[in-house]
Amino acid sequence: MRALVCNELGDPSMLRIENRPIPRPRANEVVVQVGAAAVNFPDVLTVAGSYQHKPQLPFIPGMEGAGRLLGVGKDVVDWRKGDCVIFGIRPGAFAEYVRVPAEDRHLMALPEGWSWAEGAGFRVAAQTAYHSLVHRAAVKKGDVLLVHGASGGVGLAAVQLGKHLGATVIATGSDDARLAIVKQAGADHLINYREQDFVARAKELTGGKGCDVIYDPVGGEVLEKSVRAAAYGARLLVVGFTSGGPSKLMSNHVLIKGLSILGVRAGETPKRIAPEMGLDYVEQLPKLAALGVMRPRISHRFPMERAAEAFRALIDRKVVGKAVIEMEG
C-alpha cells in the first residue's frame, strides 16, 4: 500500500509517499481501506515538530478518515467486513489502509448519504465543538455565542452546534465570501474583523452586554481582545492558536468581569479525569451526524501526490471547512 510518511520534521514538502505492507487486524482491531483522510491544523504542527504529541520518526501523519472495513479481528463483534466507517487514530490516517482499534471511541458508522470526504472531516471538528460548547461552556438556549475563525473546520462545527443548542451565533472572519458560507451554516450575525472592530460590533449586537460564550481557535491578539467583548460571567473557550502563538490575558479584566477561562482538550480530558465524556461522544456524535448537525463542508480535495498542497492550503487559510486527501479506489 501507499502511505504518506514523515521521515524528518519541518515543512510538509518533505513528506514522502512510501510503499508499506497492508496491515492485518489483530484480535480486537479492524483494517480500514481508506477513502479519504482529513488534514487538520494539529497535523501541520505535528509534522513541524511543534505539537504536544510528538510521535517517533518515521511516522504516518493524520488523525481522522473514512473508508470501508477490509478486515476484522477474531474478537470483534460489533463490526463486519464491508461496513462503512469514520475512524480516528493518532497518527496514521494518511495511508491507503489503516489498522484501528475496534472501540467506539475510534470508530463510528458513516451516516447514510455522506461521502468519504465528509466522513473524514467530521470527527475532530465535531468532537472539539461538542466538548467546548456542551462539556466546558454548557451552552444553553438564549446564550450569545461568539465564534472566531468561523470559516475553519472547528469554527463551522461550533456555528452549527451552537445554533442547534439554541444560541444566537455571532461569527467573525476576515473575508466576506468566506463569511457568506458561515451564514449558510447558521450564523445569525457576521463580523469581518478587517473592516470592523469585532469588540465594538459584538457589544452593539448585544445591547452593550457582551457575549456569554466566546469560542476561540485563533489565539494571539484575537483572544486578548475577546475579553473586552465578553459579558459579565462569560465563558471564554481557548481552543487553539492558529494565529501562531499564545496570548497574554489581562488578569484584571478576568477578575472584574468574573470570567471563566476554559482550556479545550477534547481528547485528553476524557482520558485524564472524565471518562464519562468519552462515552458522551460515543452516544451523541452519531445522533448529531444523523441529524446533519456539524456535517462538514469540504472545500479542498487532493490526491496523495499533492499532500503538501493540502497542508499549504490550510496554512494559507484558503480552506473553508475541511481539506481532505483522497485515496485512489
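Nothing in this text is a laboratory measurement; each read-out follows from the coordinates by a stated rule. This structure is a prediction, so every number in the text was calculated from the model and none was measured. Using ideal geometry, Cβ is built from the backbone for each residue, glycine included, and neighbour counts are taken over all protein chains shown.
Placing +1 on the Cβ of every Lys and Arg and -1 on the Cβ of every Asp and Glu, with nothing else charged, gives the stretch 125-268 a dipole about its Cα centre of roughly 320 debye. Rounded, prolate or oblate: pick one for the stretch 146-213, where a ≥ b ≥ c are the square roots of the eigenvalues of its C-alpha gyration tensor, a/c under 1.5 means rounded, and failing that, prolate if a/b is larger than b/c, else oblate. Since a/c reaches 1.5 but b/c is at least a/b, the shape of the stretch 146-213 is classed as oblate.
The alpha-carbon of Lys74 sits under 28 angstrom from the alpha-carbons of these lysines, leaving out residues fewer than 8 places away in its chain: Lys271. Of His253, His135, the sequence from fewest to most neighbouring Cβ atoms within 10 angstrom is His253, His135. Among the GluC sites (Glu not before Pro) within the stretch 79-130, those in coil by DSSP and having at most 15 neighbouring Cβ atoms inside 10 Å are Glu103, Glu112. With N as its number of residues, the stretch 221-264 has a Cα radius of gyration that, divided by 2.2 N^0.38 Å, comes to 1.08.
Reducing the stretch 2-23 and the stretch 100-143 to their Cα centroids gives an inter-centroid distance of 27 Å. Estimated from helices alone, the mean residue ellipticity of the chain at 222 nm is -8000 deg cm²/dmol (sum of -39500 (n - 2.57) over DSSP H runs with n ≥ 4, per residue). Placing unit charges on the Cβ atoms only, positive for Lys and Arg and negative for Asp and Glu, gives the chain a dipole magnitude near 320 debye about its Cα centre. Beyond 29 Å in Cα-Cα separation lie the following of the pairs Lys54/Lys287; Lys81/Lys287; Lys183/Lys318; Lys287/Lys322: Lys54/Lys287. Does the stretch 98-174 come out rounded, prolate or oblate by the C-alpha gyration tensor, with a ≥ b ≥ c the root eigenvalues, rounded set by a/c under 1.5 and, if not, prolate when a/b is larger than b/c and oblate if not? Cα axes put the stretch 98-174 in the prolate bin.
Among DSSP beta bridges lying fully in the chain, give the percent that are antiparallel, nearest 5. Display every interim value, and only then the final one.
On the way: 31 of 57 bridges.
About 55 percent, rounded to the nearest 5.
At the listed q of 0.08, 0.14, 0.16, 0.22 Å⁻¹, the Debye profile of the stretch 125-268, built from one uniform point per Cα, gives log10 I(q)/I(0) equal to -0.17, -0.55, -0.73, -1.54. Within the stretch 101-180, report the trypsin sites (Lys or Arg not before Pro) that DSSP leaves as loop and that have at most 16 other Cβ atoms within 10 Å. When the trypsin sites (Lys or Arg not before Pro) of the stretch 101-180 are filtered for loop state and at most 16 Cβ neighbours within 10 Å, Arg105, Lys140, Lys141 remain.
With a 10 Å Cβ neighbour count serving as the proxy for reagent exposure, in which order, fewest first, do Tyr215, Tyr130, Tyr232, Tyr51 appear?
The most exposed by this proxy come first: Tyr232, Tyr51, Tyr130, Tyr215.
With neighbour counts taken as other beta-carbon atoms within 10 Å, the residues Glu276, Glu305 rank, fewest first, as Glu276, Glu305.
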